[in-house]
Amino acid sequence: MEKWASVWKYPSILLFGIGIANFGAWVYLIALNLIVLEMTHSPLAVAGLYIIKPAAALLTNGWAGSLIDRTNKRNLMVGLDVIRALLIAFLPFTSSLWTIYALVLLINMAGSMFEPASMTYITKLIPFEQRQRFNALRSLIDSGAFLIGPAIAGILFMLGTPTAAIFINAVALLLSGLVTMMMPDLEKVASIEKSVSTMSWSTIRKDWKEVIAFSRKSSFIMLVFFLFSCMMVMTAAIDSQEASFAKAVLSLTDGEYGFLVSIAGAGIIIGAAGNALFIKKLTPPFLIGGGSLLLSAGYLVYAFSSSFLGAATGFFILAFALAFANTGFQTFSQNNIPVEMMGRVVSIYGLLEAFLVIVATVIIGASAQLISIQPVVIAATLVMFFIALLLVVLSTKGRKNVEHVKQMLTR
């Protein structure tokens, strides 16, 4: 018991901090949507909030990895939490939509930096043999945030206003930063200020060349990484038509649509719990391939459905599979991308993913407008299913090399 406590002390603290931030993020997202809708009475203005996230990645990820890999990751994570908390706390004091957009852009730019920084820090902190368990527990926490976050937001809205919920998220991020400060300092590298001062376009170009060289050298690893990113691109693009599909194709009422989303929430929590329970018996290649295939199968069931029951079945399947696929992908990435350049690799590929999200969302949205929603959604899910089949083939090939990779990384 003492050995378990010593091994999992810091990972448990880190999971606690991640949980706080995730719960707050859901409260913030719902509250911000309501604030913008009340201010403008325009669904288009609310939709603009969802364009900002990939736009922030486009502005940030091209250079952020160069900073992350040269900076103390723990201190950077704390700084980004504090910056986001201050920016979020300022949101209720502005009455201009464009000012809100600008603040949300800065918040998302900080978030785009936080993700690769935290992934690098986690890889340094968690030993090889514990990473899959950690990622499974993280998926369970993320699932809990998906369910409980909106519920907490609803209670806050009944007791107060969306503004109060915004402040709650600012406090949550400050607490997350405080928790991160309790984590060990794993590296003695340059301060953030010194790292920024030494950044230049030549440094960024050099880093891009290194990432491209690594991608060519480790083509199998980065092909799996890229294909899984494409899976996430397709999920984002298809999800953008979710409400329209529910109304125009399934003819659901608002209450029925809400129940449909609740079924997805149940699928997420059950899948994450099963993932955490049986994680020792599952390998990252199996999780990536099998999880992606089941995820795309769920989307196919949903796309071909013409009734609430069919859509609900698809929603449950895809939500159930998500935790398995994400756990496999996170573990695969941590085990195969060199930690000293992980910030640059994840950031640059994240830049490509953000660009593809915007392109795919526009293409699917415009096609649905010009043709019809269901055929377009079906076509998109078939593309996703083809990508998943490629991942199954590649992960089966990669499974033969799991023990070899493990030996290399544990030397």
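The values are calculated or read from the model by the stated rules, or taken from the named source; none is laboratory data. Worth saying up front: this structure is predicted, and the values here are computed from it rather than measured. As a convention, Cβ positions derive from the backbone with ideal geometry for all residues, glycine included, and neighbour counts pool all protein chains shown. Ligands, DNA and RNA are excluded from the accessible area calculation, which covers all protein heavy atoms including side chains. Shrake-Rupley method; radii C 1.70, N 1.55, O 1.52, S 1.80 Å.
Is it fair to say Met232 is part of a helix (DSSP H, G or I) and under 21 Å from Leu49 (Cβ atoms)?
Numbers: part of a helix (DSSP H, G or I): yes; under 21 Å from Leu49 (Cβ atoms): yes.
When the stated conditions are applied, Met232 passes them.
Do you know which residues across segment 359-372 are touching a residue at least 24 places away in the same chain (Cβ under 8 Å) and either open to solvent by less than 50 Å² (accessible area, probe 1.4 Å) or at positive phi (or both)? I'd like the intermediate steps shown before the answer.
Taking segment 359-372 first, the residues touching a residue at least 24 places away in the same chain (Cβ under 8 Å) are 360-361, 363-365, 368.
If the condition is that a residue be touching a residue at least 24 places away in the same chain (Cβ under 8 Å) and either open to solvent by less than 50 Å² (accessible area, probe 1.4 Å) or at positive phi (or both), then Ala360, Thr361, Ile364, Gly365, Ala368 are the ones that fit.
Is there a residue being farther than 27 Å from Leu58 by Cβ, assigned to a helix (DSSP H, G or I) and at pLDDT 90 or above anywhere in segment 353-368? Break it down stepwise before answering.
Narrowing segment 353-368 to residues farther than 27 Å from Leu58 by Cβ: none.
Within segment 353-368, not a single residue is farther than 27 Å from Leu58 by Cβ, assigned to a helix (DSSP H, G or I) and at pLDDT 90 or above.
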Out of (1) of a type in the set (Phe, Trp, Tyr); (2) without any contact (Cβ under 8 Å) to a residue 12 or more places away in the chain; (3) touching an Asp or Glu at 6+ places or on another chain (Cβ under 9 Å), the one Phe226 does not meet is (2)
*Output yes when any residue across segment 304-316 is open to solvent by 20 Å² or more (accessible area, probe 1.4 Å) and within 26 Å of Gly350 (Cα to Cα), and no when none is.*
no
The residue that is least open to solvent (accessible area, probe 1.4 Å), considering only those in segment 18-45 that are assigned to a helix (DSSP H, G or I) and farther than 23 Å from Leu159 by Cβ, is Ala45
Counting only residues in segment 167-217 that are at pLDDT below 90 and aromatic (Phe, Trp, Tyr), the one farthest from Leu352 (Cα to Cα) is identified as Phe167
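With the requirement that a residue be free of Cβ contacts under 8 Å to residues at least 60 places away in the same chain and hydrophobic (A, V, I, L, M, F, W, C), what does segment 301-317 give you? It would help to see each step written out before you state the result.
Taking segment 301-317 first, the residues free of Cβ contacts under 8 Å to residues at least 60 places away in the same chain are 301, 305-310, 312-317.
Answer for segment 301-317, where residues must be free of Cβ contacts under 8 Å to residues at least 60 places away in the same chain and hydrophobic (A, V, I, L, M, F, W, C): Val301, Phe308, Leu309, Ala312, Phe315, Phe316, Ile317.
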* Asked: Somewhere in segment 38-50, is a residue farther than 25 Å from Ile358 by Cα, out of contact with any strand residue (DSSP E or B) (no Cβ under 8 Å at 6 or more places or on another chain) and at pLDDT below 90?
  -> yes
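Would you mind finding the one in Ile68, Ile51 that is of a type in the set (A, V, I, L, M) and surrounded by fewer than 23 Cβ atoms within 10 Å (Cβ to Cβ)?
Numbers: Ile68 fails: surrounded by fewer than 23 Cβ atoms within 10 Å (Cβ to Cβ).
Criteria check complete, one pass: Ile51.
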